[in-house]
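All remarks here apply to the structure that follows.
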Ligand SMILES: [Fe+2]
């Protein structure tokens, strides 16, 4: 099941400097790197284009640094930033779709995700928060984190309560079970643990 093959207009290094141009707040950078890592691992699992999926994860909040003062403007600056770099409307719409359904975002609130790659991005960027919060609770340790432990945290609605379990559950629409996804998310983030302050 190949979803889309498109050439990326910029390198990963260029994307990283683009991100840092708009945001230097390190918890945000950690979130971008973890989203990249989970999307990459998921693409590898599915036999999809891992560079492309990773780039979606890395850039999904590229305008957050310049819009977070007014959340309702989040993702409104992203299209022009990415268009300037040569990204396609497909790539931009896929990124926009992680904001679909959010009441805070007027232009996106009434939209719903329809494509697998959209569900994949939304679920991936959302599960990063759960994995990271769980790692912090475990003394920053991810190296021996078990999917079963993460599953417990997923089920415990009081844990990291703001993280949407419903959005994480969208992974099932990609054809990946929740149990597989817990494993994929841990594996992906484990590979970059030192870059995101984990051990
Ligand atoms: Fe995000």
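The set of residues from segment 95-109 being out of contact with any helix residue (DSSP H, G or I) (no Cβ under 7 Å at 6 or more places or on another chain), within 12 Å of the ligand (Cβ to nearest atom) and closer than 17 Å to residue 80 by Cα comprises just one member, 99. Among the helices (runs of 4 or more DSSP H) confined to segment 118-199, the ones with at least 1 residues that are within 16 Å of the ligand (Cβ to nearest atom) and surrounded by fewer than 18 Cβ atoms within 10 Å (Cβ to Cβ) are located at 165-169. Look at segment 149-171 and say how many of its residues are at negative phi and either in contact (Cβ under 8 Å) with a residue 12 or more places away in the chain or within 16 Å of the chain's Cα centre (by Cα) (or both). The total comes to 16.
Tallying residues that are over 17 Å from the mean Cα position of the chain (by Cα), more than 15 Å from the ligand (Cβ to nearest atom) and within 22 Å of residue 10 (Cβ to Cβ) within segment 49-69 yields 0. Within segment 70-83, one or more residues are crowded, with 22+ Cβ neighbours inside 10 Å, in a helix (DSSP H, G or I) and within 13 Å of the ligand (Cβ to nearest atom). Residue-level check: of (1) touching a residue at least 60 places away in the same chain (Cβ under 8 Å); (2) more than 15 Å from the chain's Cα centre (by Cα), residue 187 misses just (2). Within segment 29-42, the set of residues being surrounded by fewer than 24 Cβ atoms within 10 Å (Cβ to Cβ) and either part of a loop (DSSP other than H, G, I, E, B) or in contact (Cβ under 8 Å) with a residue 40 or more places away in the chain (or both) comprises 30, 31, 33. Taken as a whole, the condition of being within 13 Å of the ligand (Cβ to nearest atom) and within 23 Å of residue 21 (Cα to Cα) does not apply to residue 86.
Identify the residue in segment 1-28 that is part of a helix (DSSP H, G or I) and closer than 22 Å to residue 182 by Cα and, among all such residues, is nearest to the ligand (Cβ to nearest atom).
Within segment 1-28, the subset part of a helix (DSSP H, G or I) is 12-22, 26-28.
Now restrict to residues that are closer than 22 Å to residue 182 by Cα: 27-28.
Details: 27: 11, 28: 9 Å.
By that ranking, first place goes to 28.
Bear in mind that the values in this text are calculations on the coordinates, not laboratory data. Note that this is a predicted model, so its numbers are computed, not measured. Here Cβ is always computed from backbone atoms with ideal geometry, including for glycine, and neighbour counts include all displayed protein chains.
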